[in-house]
1. Met385 fails exactly one of the following numbered conditions: (1) of a type outside the set (Lys, Arg); (2) closer than 28 Å to Ile579 by Cβ; (3) without any contact (Cβ under 8 Å) to a residue 12 or more places away in the chain. What is the number of that condition?
2. Given the criteria surrounded by fewer than 19 Cβ atoms within 10 Å (Cβ to Cβ) and part of a strand (DSSP E or B), does Lys514 qualify?
3. Here are the criteria: (1) touching a residue at least 40 places away in the same chain (Cβ under 8 Å); (2) farther than 16 Å from Lys502 by Cα. Tell me which single one Ser566 does not satisfy.
4. When you check Gly731 against the structure, is it assigned to a loop (DSSP other than H, G, I, E, B) and either under 21 Å from Val600 (Cβ atoms) or open to solvent by 20 Å² or more (accessible area, probe 1.4 Å) (or both), yes or no?
5. Take the residues in region 620-645 that are under 21 Å from Gln603 (Cα atoms) and open to solvent by 30 Å² or more (accessible area, probe 1.4 Å); name whichever of them is nearest to the chain's Cα centre (by Cα).
6. Looking only at helices (runs of 4 or more DSSP H) that lie completely in region 661-701, which have at least 1 residues being at pLDDT 95 or above and in contact with a Ser or Thr (Cβ under 8 Å, 6 or more places away or on another chain)?
7. Of all residues in region 417-434, which are touching a residue at least 40 places away in the same chain (Cβ under 8 Å) and either within 28 Å of Tyr582 (Cα to Cα) or of a type in the set (A, V, I, L, M) (or both)?
8. Just checking, how many residues over region 216-237 are among the small types (Gly, Ala, Ser), in contact with a Ser or Thr (Cβ under 7 Å, 6 or more places away or on another chain) and outside any loop (DSSP other than H, G, I, E, B)?
Amino acid sequence: MQVSEPALKKQDPSGMDAMMSEEYASQSKLFQEFTCAPSIDNAWVSKTCNGDRSTAMFSISQADLLANNTRKCILYSHIMRHGTSPLECQWSPFPIEMTGVSVVIPSPSGSKLLVVRNGEKGSSTKLQIVDQSHVEKEICIDQSIHGPLYTDEWFQGISWNQEETFIAYIAEESPRPKPAFDFVGYRKEGSSEKDCNSWRGQAEWEENWGETYSKKGRPSLFVLDIASGGVCAARGIAKSLSVGQVVWAPPSSSGRQTHLVFVGWLEHNGFQNTPRKLGIKYCSNRPCSLYAIRCPFEEPNADNALVSGGKSDSASVATNLTPSISRAFFPRFSKDGKLLVFLSSKCAVDSGAHNATDSLHKINWASDWKIDEHLDVTDVVPLVMCPEDGCFPGLYCSSMLSDPWLSNHCTMVLTSAWRSTQVILSVDVLSGEVTRISPENSDYSWSALAVNGNDVLSVSSSPIDPPQISYGYQASTEDHQTHGWVWEEVTSPLMAGSNKLKDLLSHHKFSILKIPVTNPSDELSNGGQLPFEAIFVSCEDSLQKPTVLILHGGPHSTSVSSYSKSSAFLASLGFNLLIVNYRGTPGFGEEALQSLPGKVGSQDVQDCLMALDYVINEGLIDASKVAVVGISHGGFLTTHLIGQAPDRFAVAAARNPVCNLSLMIGTTDIPDWCYAVACGTEAKHLASESPSLDHIRLFYQKSPIAHISKVKAPLLMLLGGADLRVPVSNGLQYARALRERGGDIKIMMFPEDIHEINIPRSDFESFLSIGVWFKKYLK
């Protein structure tokens, strides 16, 4: 049978009908506005000779869809504040693109800049020292010395010493040589990689840190001597440690900085202390301690111990500074060098939850400290178990400024989750007093970018307001008494793009809803019975518009009230958004967080339905026009909801969802997570690489696949082909089983993507497809 020419014209080459093709064209044009807007990654501030004037350097990133990578730029501003006069800012006319640059780190004085250019596999890494007029020095480091520098949020540690003569950093250890073979057989003496008459074997497989790190070498500590260009590996660090977050210890009584402090993660953290590296990305429950070691250039015979040479037999051994604390990280020395302050998530290690409430601790540091000398740890900010309404809920810090100190040497500035918002806190490390310094009457989320003396450079945003730079300082009276913080908005070139996005969202508003827990069990802790929250983004005439229920992963992560391009895009399409922070979300106290392990698939599912019931009963949305979307554990909830409450959702989308714990346990990089969410407090004692039949049955019963026969909603499944956290087998099994039952299912596979699906083109197409999918079924 022949197909008529008009019929052919109605379908484009991708197989879409005309209506769907038009929807893709329309939405893709709109989503590009959100995708191509630049975002602020980091900022640094340094004082100039003029005391009232500072120079700020911003690291900016922007998706480049054509090149399928992220464009990085630097933007400068002079900030001037004179007494009570309005803040003045003078910006550089254009951003400077940093092509091929992995990271930049200014020196303590701000007069020099380290520019890191990580080479691709097999090529050298370049470290450039740039002064205010030119490249002062470029050091090329061959792969035989070490691989690329770590620039991620876990292992990265790049630290200048105060004299700006040495730089300590974390880089990939060079791989062990692989066996060489030729036409005769095994070659004992080996061969070069470029020898065309031989080839390399594979050798024994080595454990890695899982998701994101599977192709990276062991994180190891190196020091660069800027004057000579020599690179030396730290010695005395046990092979059972992966290292990161290095900082220089303060000068000794001789005036020299001779020691380094770093975080060391135990590599034998498998079940029953077996030698396995469980996945570390997003996992705050991996044991680690603070260690101190002598700078390799301060060791005897250091001149003969460059990484291209031998090792010194008299090298010191790394000393564990925090043996009594199961997890210590983000070490920071006070400006006067008298205190070493650090965070701990001991509760995560002890409970098995993959994220938990942090605590803050300090060590008094003596200028004449000896490396074998015991140091006492003192609590600064303890855990908060069950916060009073409106009060400090505890520390939840995913990062820390490299220099978080105000000028008084004893007050540090932290960014932390506070229920459904993110706030800026000041902590007096002597008294332990915690103060919220970002505006208390604001539902926006705030993040500190840099500290400048007693002032703070920050960024704030909301689900409908793109990031806005602000400058905060303590107001003072005529008698020089301080009272509260004043925040001034900083006009910047970035606002041009932000204003365009604001226009697209101008008919929306948002609020944070408190959702009461109905009929709480008497077995729950007090914190587990408290209300949880949801962020509600509403259109005009919200009752007439469809609603998207958005669910975060984790389950111990938080959806804070900050700007997200993907959520803003969905809002701009005319959807209300209900973003639920179900019980188990960090930011609400430790008891609320610990109420979820062992109850996944029930308590968290009921919380989502309670939030949905709340907005329906308040007359805010139409109950017949509801979609649901989530990633990872959010995808777990998405697929649970369409199975357990099949008549409540018109359509669904899931990105790398957990669909079957009994399948995931043998394939994921975090099998302990399966035990933790399913078994609760007993997980650590039950966990095994060979789960019992009873545990397999329990995992299945807790999983969405147990409810698949009841699913009615059309489902869009988006999968990352290189995901080690929730391997594609999980999503594919569910999707195929749903198709087997006659379900409406569409699968999109992104072969090179990991769990986040964050390669620019993949990120763009995945959220565009969600928008089109929802529009199709929510007319």
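1. Failing condition for Met385: (3).
2. Details: surrounded by fewer than 19 Cβ atoms within 10 Å (Cβ to Cβ): yes; part of a strand (DSSP E or B): yes.
It is true that Lys514 is surrounded by fewer than 19 Cβ atoms within 10 Å (Cβ to Cβ) and part of a strand (DSSP E or B).
3. (2)
4. Numbers: assigned to a loop (DSSP other than H, G, I, E, B): no; either under 21 Å from Val600 (Cβ atoms) or open to solvent by 20 Å² or more (accessible area, probe 1.4 Å) (or both): yes.
For Gly731, the condition - assigned to a loop (DSSP other than H, G, I, E, B) and either under 21 Å from Val600 (Cβ atoms) or open to solvent by 20 Å² or more (accessible area, probe 1.4 Å) (or both) - is not met.
5. Narrowing region 620-645 to residues under 21 Å from Gln603 (Cα atoms): 626-645.
Pick out the ones that are also open to solvent by 30 Å² or more (accessible area, probe 1.4 Å) and you get 631, 644.
Numbers: Ile631: 15, Gln644: 31 Å.
Checked region 620-645; the qualifying residue nearest to the chain's Cα centre (by Cα) is Ile631.
6. Those helices (runs of 4 or more DSSP H) span 661-664, 671-679, 693-701.
7. Ala417, Trp418, Arg419, Ser420, Thr421, Gln422, Ile424, Val427, Val429, Val434
8. 1
The values are calculated or read from the model by the stated rules, or taken from the named source; none is laboratory data. Quantities reported herein were computed from a predicted structural model and do not represent experimental measurements. Note that we place each Cβ from the backbone using ideal geometry, even for glycine, and neighbour counts take in every protein chain shown. Accessible surface areas use protein heavy atoms only, side chains included; no ligands, DNA or RNA. Shrake-Rupley method; radii C 1.70, N 1.55, O 1.52, S 1.80 Å.
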